[in-house]
Each structure stands twice: as structure tokens, then as C-alpha cells.
1. Between the range 118-140 and the range 12-26, how many Å separate their Cα centres?
2. Kindly identify the range 8-57 as rounded, prolate or oblate by the Cα gyration tensor criterion: order the square roots of the eigenvalues as a ≥ b ≥ c, call it rounded if a/c is under 1.5, otherwise compare a/b with b/c, prolate if a/b is larger, else oblate.
3. Stretch LEU71-ALA138 to full length: gain in nm at 0.36 nm per residue minus the Cα-Cα span?
4. Is the shape of the range 20-100 best called rounded, prolate or oblate, per the rule: a/c under 1.5 gives rounded, else a/b larger than b/c gives prolate, else oblate, with a ≥ b ≥ c the square roots of the Cα gyration tensor eigenvalues?
5. With a point put 7 Å past each Cα toward its Cβ, work out how far ASP218 is from LYS121 in nm, to one decimal.
6. What shape does the range 120-160 take by its C-alpha gyration tensor, where a ≥ b ≥ c are the square roots of the eigenvalues and a/c under 1.5 counts as rounded, a/b above b/c as prolate, and the rest as oblate?
Amino acid sequence: MSKDEKDKTQIIDKDLDLSNAGRGVWLVKVPKYIAQKWEKAPTNMDVGKLRINKTPGQKAQVSLSLTPAVLALDPEEKIPTEHVLDVSQVTKQTLGVFSHMAPSEGKEGSTNPVGQPDNEKLYMEGRIVQKLECRPIADTCYMKLKLESIRKASEPQRRVQPIDKIVQNFKPVKDHAHNIEYRERKKAEGKKARDDKNAVMDMLFHAFEKHQYYNIKDLVKITNQPISYLKEILKDVCDYNMKNPHKNMWELKKEYRHYKTEEKKEEEHKSGSSDSE
């Protein structure tokens, strides 16, 4: 679903069934190979047996055994059958389990005014009171499974392979398109000719009326003159800044400047206000 479609989707408030909100639920983390087996199992199959051994004054011992029916789903893949579950209490978090019952597609039912089915329901199945981490017993079967996973992870994704014929992925060209375009543009512009010095100075004065500082590249574009010839003229009418904040930029000499500094403006403003008084 695109972002625009999500924005257009109307958010609708639904009722949440809290009849099982007080029920305690376990949150169990299982290894990947068990999760893959359980995903393949049909809904009516027993996938494991859970045993809880309680000893007075001690922590309960919880273990899990996979059923032969689950192991038979893929007989070639050998996985551990016996597992231990480490139990930890949930104290500083509030976690819950929710379920969503969506209507079956194609079933005709009543709909509300906005087009949402009436029989779509949300349930809270319980509150998580314990977390359990399922870990296999370190037997020979588990060691072989772990060794195989390490071997697969260490295999390089790219390998060097010998070839018996030339593989040509690109066709070499005599010249690239951007080089041809650049040469044609330079040829169309022609060689820059030196204009009259007074005409170039007029263009410079007109440019410095807009901005106080310019670098040499901008002045070359404005005047369309050779850079060596332009520098000769700039040395006569401009100063080259060697310090920040306008380093490597050109500015008109004082005798050619027509703008006023901020200090002079303030002095004139003060003198004008004193005259009016």
C-alpha cells in the first residue's frame, strides 16, 4: 500500500473484548529450527510436550520435548528433541497478547456505513506474566546442527570461478558522448576574443554595482574574456583580497567605488538629525 493510500484510509474505532484480560500468559522464545518446524505443522497436530517440575523452596524446572510427528515432517533434517526453558518474571513491563478475528473472504455479511464488516473483532487473550527462553540440551545432535550452521555462515558469498571463454559485459567506444558534447559546445562558442579595454571596464563596473565581491570565474562568465587579459584589467581597477572573510575575491579600488560604507552612513545620519534639531 502506497503512502497516499495509507493517508486516505480512514481510521475506525473498534471494540476490544477484555474478557480474558486477567489471564496470565507465557511469552516463549524458541530457536529458529523449532519455529520452522511448527510453521509446517498442521493445526490439529501435537507439536510438543511441556513438563513442569516443582520443588518446594526452589524455582520450577520447565522442559520441552518435540513430538515424533513434528520430527517426521522433514526426516532428513536432524534437530534436538529435548529443550530446557529458562523462566524469568515480567516486573517492569506491561505486555499483552491480542488476537484479530477477520471475516472470511467471500462471505456475505452486513457492513457498517463506512464499508467495514460488523463481525470483525479484536480480543485481548491475556497479560504476559513470565518470559521463557527455550535452549536445547548440548547433546551430539545439537553440536552437529551448530557445526553445520557455522560452516554455512563461513562460506564466502562470492567465489572466483575459472572461465573458458571471454565474457564481454560492455562494448568499448571510441569516444564518450559527454566528451563529444563538450567539444562541440566549445567549438560553437569559439575562441574568446579580446574586447576593448574600456568596454570590459564598463562591464566590470556594471557587475560591481550589483555585488561588492566577485571571484575570477564569475567575472570570466560575465565579461566572456580570456582570463589572462581580464586579470590585467582587474589589477588596474580592483584589489585582490588575501584574507578572510573574502579571501581570493576581487573588489573595486577605493577610487572607483560609488557605494558608501556603513560608518559614513551613520555619520551622515547623525549629522542630519543634529541639523534638524
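Bear in mind these aren't lab numbers, they're just calculated from the coordinates by the rules spelled out. Note that the coordinates shown come from a computational prediction; the quantities given were computed from them, not determined experimentally. Don't worry about glycine lacking a Cβ; one is built from the backbone with ideal geometry, like all the others, and counts go over all protein chains shown.
1. What the calculation gives is 15 Å, centre to centre.
2. Taking the square roots of the gyration eigenvalues as a ≥ b ≥ c, the range 8-57 is oblate.
3. This chain segment gains 22.3 nm when fully extended.
4. Because a/c hits 1.5 or more and a/b fails to exceed b/c, the range 20-100 counts as oblate.
5. About 7.3 nm separates the two model spin labels.
6. Here the range 120-160 falls in the oblate category.
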